[in-house]
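*Asks:* After the structure tokens below, expect a handful of questions from me.
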Amino acid sequence: MKLVDKFTLWFIGVIVVTTPITSYICLNNIERKIDDVEIARLKTVNMKAAARMTDGSSVNIPRDASFTTFTLLPTLPADSFRIRKDPDPDGNHKSLESRLTVSTFMNINGKAYEVTTSSYIPASRQILNAILDTVAWKLLLIILCVAVSARFLSQHILHTLRLTMKKIHNFDLKKKITFPQTNTAEFKELNTFLKKMTDRAVEEYTAVKQFSENASHELQTPLAVIRGKLELLSETNIDECQATLLADMHHAIEKLSKINRSLILLSKMENNEFAVTEHIKFCRVAKDVLAAYEDRLEMKNIEVKRELDKNIQLRIHPVLADMLMNNLLGNAIRHNVQDGMIHIILKQQKLVIKNTGLPPETPPEELFERFRKSNQCSESVGLGLAIVKQICEVCDFKVSYRYKAPLHILQVDFCPESVINEAEQDKFETAAVVTA
């Protein structure tokens, strides 16, 4: 719900709650004012009637629908006047008028008299009906005015907020942004805070990016030097034990270099340096990667089953597409067994890879974490599936893993909303690569 709608509903709710209270107060005030005015008028009528009787004039003359009567009393009571109000003079409980009677006690020509005058005034029911009609039209008019004016004012007052939100939605860590000017104090404070936070984010991103680039360069240089020295040393006269040590050192250096490249790659993906701007044919990428791994597949005598649909278009960066397929297939080969099997299924909605292998020693939910290995393979650095997961997050894919003996099944859903029932999942069972 929009902010203007919430304000509108809140304002209308306050009016709806307070209107019955104000209507009740209004009803009592109107009744009291009518009674006070009519009582004062009837008192005046009584005084004038008494004055006419003193002068010997006729007194039972109707005046403004009021009739005056005189009653002779033995003595004057303590009260100078009495007021009686009959809300139902007709006795049918449907009267729209009330009868108001004012009695004044006075001495006229030496005798005690009760001078009484009656009049009819609007009943509470009649006043209430008039108030309810007025309130109904008033509420309707207020709701209409509030709804229309709120929409109109929001176009002007909240325009700056909408511009700010648009800036935030399009925020890019690679450059600073400028927020719109406004004279609203709250929006000024918000824009100032957002400006400070986005500038800080850009500066921190730039620092991390520079550190990553520098670290990659500075680490690769000494690693290349060490690799070259080891190659030179291996060409000298060394015995079998020394050759074994040199091979282990060379393998460790290669592994360190691979870890460095993988961490730099993860850092770049976390910083959104691979912008997705085009659609590519993922089926072609899959075929190219399969062709590149033919030698490794032949070395382990691994049988490959392919179900690759044609013209699979995906919105993914070409580099990430190649890395995704390389990591999945590479892990499937690395964690496979001699004379094993790999089954690759590529559909418009998903990529499924199934491979034979030893049961995993790590809980499946931990395989996508960094430096987690399924069987502690010496060739693995534990970043393969972490890279796969990061690529899927960048491209809004969904990756999942399960083990169904003797198969590791890994599935990448290109549409996270797609739901695959169990029967269909068993039909297209896929290779889950155990983490690198």
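The values are calculated or read from the model by the stated rules, or taken from the named source; none is laboratory data. Remember, it's a predicted structure, so these values are computed and weren't measured experimentally. Reconstructed Cβ throughout: ideal geometry from the backbone, glycine too, with neighbour counts over all protein chains shown. For accessibility, only protein heavy atoms count, side chains too; no ligands or nucleic acids. Shrake-Rupley method; radii C 1.70, N 1.55, O 1.52, S 1.80 Å.
*Asks:* Residue-wise, which Karplus ³J(HN,Hα) couplings in Hz belong to the stretch 168-177, taking 6.51 cos²θ - 1.76 cosθ + 1.60, θ = phi - 60°, and x for glycine or proline?
*Replies:* Running phi through 6.51 cos²θ - 1.76 cosθ + 1.60 with θ = phi - 60° gives 5, 4, 9, 5, 10, 5, 7, 8, 6, 10 Hz.
*Asks:* Which percent of the accessible area of the stretch 105-239 is formed by carbon and sulfur heavy atoms (probe 1.4 angstrom)? Let's see the in-between values first.
*Replies:* On the way: 5830 of 9480 Å².
Carbon-and-sulfur percentage of accessible area, whole number: 62.
*Asks:* Which pairs break 22 Å Cα to Cα here: Lys166/Lys196; Lys174/Lys209; Lys255/Lys287; Lys255/Lys350; Lys6/Lys196?
*Replies:* Details: Lys166/Lys196 17 Å; Lys174/Lys209 10 Å; Lys255/Lys287 27 Å; Lys255/Lys350 32 Å; Lys6/Lys196 29 Å.
As for pairs spanning more than 22 Å Cα to Cα, those are Lys255/Lys287; Lys255/Lys350; Lys6/Lys196.
*Asks:* Sorted by average packing, counted as other Cβ atoms within 10 angstrom per residue and highest first, what order do 122-130, 95-103 take? Don't skip to the answer; put the middle values down first.
*Replies:* Details: 122-130: 15.4, 95-103: 18.8.
Ranked by mean Cβ neighbours within 10 Å, highest first: 95-103, 122-130.
*Asks:* Long-range amide H contacts for Leu308: which residues qualify at under 5 Å (H placed 1.01 Å from N, peptide plane, sequence gap of 5 or more or a different chain)?
*Replies:* For Leu308, the qualifying residues are Leu346.
*Asks:* Then there is this: Which order do the peptides 144-156, 304-316 take when ranked by the mean count of other beta-carbon atoms within 10 Å per residue, highest first?
*Replies:* Details: 144-156: 12.7, 304-316: 14.3.
In descending order of packing, they fall as 304-316, 144-156.
*Asks:* Here is a follow-up. At Val14 and Asp55, where each label point lies 7 Å from the Cα along Cα→Cβ, what is the point-to-point distance in nanometres?
*Replies:* Calculated label separation equals 5.9 nm.
*Asks:* Can you compute the FRET efficiency between Lys33 and Leu141 using 1/(1 + (r/R0)^6), with r the Cβ-Cβ distance and R0 = 22 Å? Round to the nearest 0.05.
*Replies:* 0.30
*Asks:* Also, quick follow-up: Average projected area of the Cα convex hull of the stretch 113-233, in nm²? Mind dumping the intermediate values first?
*Replies:* Values: hull surface 71.6 nm².
About 17.9 nm², averaged over all directions.
*Asks:* Could you provide, to the nearest whole Å², the per residue accessible area of the stretch 1-150 with probe 1.4 Å?
*Replies:* Values: 9750 Å² over 150 residues.
Dividing the accessible area of the stretch 1-150 by its residue count gives 65 Å².
*Asks:* Could you please put Glu240, Glu303 in sequence from largest to smallest accessible area, using a 1.4 Å probe?
*Replies:* Numbers: Glu240 155, Glu303 105 Å².
Order by accessible area, largest first: Glu240, Glu303.
*Asks:* Would you grab the residues whose amide H sits under 5 Å from the one on Ile342? Only those 5+ places off in sequence or on another chain, please, with H modelled 1.01 Å from N.
*Replies:* Glu303, Val304, Lys305
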